[in-house]
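Student: Once you've had a glance at the structure underneath, I'll fire off some questions.
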Amino acid sequence: MSDKRPSKLASLKTRATVFAALGDETRLGVVGKLLSGEPQSIARLTEGTQLTRQAVTKHLRVLEHAGVVRSVRAGREALFELKPAPIEDARAYLERISRQWDDALARLKAFAED
């Protein structure tokens, strides 16, 4: 039976794509607007910003490529919604790294105190 889980390298590439997508303040702002859980149009996502619809579309495509958002059709309009799983995976990964650092620092402290 074959293992359907992604390889470690594929997982790292996926996380790197998510981190890169979230590493832009405009995209973080878009993600923040989508946190309500309600799908939103590009027009709604540009409200209260100086961004053009084209600029928001470009940022949404980056987020979509990273798997953080998805578009759904509602008549003639595209609505965008948050897909939290990639962000949760990135958060869990950062927590795991944080625990590893805490363990390493504790070992260093114990070594230095001996």
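Student: Give the residues of region 80-100 that are surrounded by 11 or more Cβ atoms within 10 Å (Cβ to Cβ), more than 13 Å from PHE19 (Cα to Cα) and among the acidic types (Asp, Glu), sorted by residue number.
Tutor: Within region 80-100, GLU81 is the sole residue that qualifies.
Student: For region 12-35, check the following and say yes or no: at least one residue is among the hydrophobic types (A, V, I, L, M, F, W, C), more than 26 Å from ILE97 (Cα to Cα), surrounded by 15 or more Cβ atoms within 10 Å (Cβ to Cβ) and touching a residue at least 12 places away in the same chain (Cβ under 8 Å).
Tutor: yes
Student: Another question about this same structure. Which one of ALA85, ALA90, ALA110 is assigned to a helix (DSSP H, G or I), touching a residue at least 60 places away in the same chain (Cβ under 8 Å) and small (Gly, Ala, Ser)?
Tutor: Result of the check over ALA85, ALA90, ALA110: ALA90.
Student: Here's something else I'd like to know. For region 1-71, list the helices (runs of 4 or more DSSP H) that sit wholly inside it and hold at least 3 residues that are closer than 23 Å to ASP89 by Cβ; which are they?
Tutor: So the answer is 8-22, 25-34, 53-65.
Since every read-out is calculated from the coordinates, none of them should be taken as a lab result. None of the values given here were measured: they were computed from a predicted structure. Neighbour counts are summed over all protein chains in view; Cβ atoms, including those assigned to glycine, are modelled from backbone coordinates with ideal geometry.
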